[in-house]
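Everything on this sheet refers to the single structure shown next.
The values are calculated or read from the model by the stated rules, or taken from the named source; none is laboratory data. Because the structure is a prediction, the values reported are computed rather than measured. Every residue, glycine as well, gets a Cβ built from its backbone with ideal geometry; the counts of neighbours run over all protein chains shown. Note: areas computed on protein heavy atoms with side chains; ligands, DNA, RNA excluded. Shrake-Rupley method; radii C 1.70, N 1.55, O 1.52, S 1.80 Å.
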Amino acid sequence: MSRLRQALMAISLFAGSAASASFAEPIAPTNAENIRTDQVLGIRSHDCGHVIHLLMNSRMLRQSGQIGFGGQMYNPHLGCWQKPGDLHLLGVCLVSDACDTAGPIYQIQLQNNSEIPVGNFRISAVAACGQIDPFSPTAVITVPRIEAGGILDLQIQLPLSCQSLHNVAGAAVPFDTLIVAIDSFDELVECDELNNILILNRAEVAPLVIEEATVTEETIDATIPAEADKAPPTDSSLTAPTAPTAPTSPMDSIDLDDLDLGDAEQTAVRLP
């Protein structure tokens, strides 16, 4: 198969997500349940030969001074030539460390530096003790979709076997090196293939920081009902009302001692 044909098939995989409407929205998949089931059944975890191949390919690209595919590819879905896209592994954080029954969980952040959405590619995480080998404990998840220019956070859990690896002296020790690779099976043609892998010292992987909302005075004031903003009643407004005064009458201004009753007395005398 010619190199051009291989490249055309690869760009078809990369651009195929633009024409498909069956992809789910971006989610954060985890393979924790599969790992637990495999451990119960005694099934060996994924081998990491694909990650070793990716590491060797990246090394050869660096030696040759290349970083990826620099030309343009024909997109059969869009019917035009375009520059290949790029997936970028931004960082890795520790979600929870290993315990007696489960391996550690890591959060991976990646970005799609492309003009189209992509999906159905895989991410792998490998635990090693100094040096990787084909049977180093490996976890693999599938990314259903990431939008053009989008940033996606995913969680992946290593097998419990990562806590018991044999070092050069033959002793069983926990892993000390973490290798994370996006598009780990090299299914997409990218303009930059060197930003898909991170080799990390386990002790240097920072824990995931969850930002908490800060409560300010303005936030508290905004939650107080409007009725509470009214001024409280004063002491004067709580005093008992004074008793109403009786209505006045014109008779109240008459002084009986000053009345002139002469005619009245005379009339009384004249009565038979």
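If you scan the stretch 180-200, which residues turn out to be under 15 Å from residue 108 (Cα atoms) and either over 23 Å from the mean Cα position of the chain (by Cα) or in a loop (DSSP other than H, G, I, E, B) (or both)? Working first, answer last.
Pass one, the stretch 180-200, residues under 15 Å from residue 108 (Cα atoms): 180-184, 195-200.
Within the stretch 180-200, 183, 184, 195, 196, 199 meet the criteria.
Within the stretch 24-58, the residues that satisfy the criterion of being β-branched (Val, Ile, Thr) and at pLDDT below 95 are 27, 30, 35, 37, 40, 43. Restricting the search to the stretch 104-113, which residues are open to solvent by less than 20 Å² (accessible area, probe 1.4 Å) and either assigned to a strand (DSSP E or B) or in contact with a Pro (Cβ under 9 Å, 6 or more places away or on another chain) (or both)? Result: 106, 108, 110, 112.
Taking (1) crowded, with 23+ Cβ neighbours inside 10 Å; (2) over 21 Å from residue 175 (Cβ atoms) in turn, residue 126 satisfies each apart from (2). For the stretch 149-179, taking the residues that are of a type outside the set (A, V, I, L, M, F, W, C) and part of a strand (DSSP E or B), the one that is least open to solvent (accessible area, probe 1.4 Å) is identified as 157. Taking first residues from the stretch 46-61 that are open to solvent by less than 30 Å² (accessible area, probe 1.4 Å) and partners that are assigned to a helix (DSSP H, G or I) and at pLDDT below 95, no Cβ contact under 6 Å between residues at least 6 apart in sequence or on separate chains turns up. Whenever a residue of the stretch 112-124 is within 14 Å of residue 84 (Cβ to Cβ), its partners that are open to solvent by 20 Å² or more (accessible area, probe 1.4 Å) and part of a strand (DSSP E or B), lying with C-beta atoms within less than 6 angstrom and at least six residues away or across chains, give the pairs 113/88.
Kindly provide the set of residues from the stretch 89-120 that are farther than 26 Å from residue 162 by Cβ and at pLDDT 95 or above, ordered by number. Break it down stepwise before answering.
Initially, the stretch 89-120 is screened for residues farther than 26 Å from residue 162 by Cβ, giving 111-120.
Listed by number, the residues that qualify are 111, 112.
Exactly one condition in (1) crowded, with 18+ Cβ neighbours inside 10 Å; (2) not in a loop (DSSP other than H, G, I, E, B) is not met by residue 84; state its number. Only one criterion is unmet by residue 84, namely (2).
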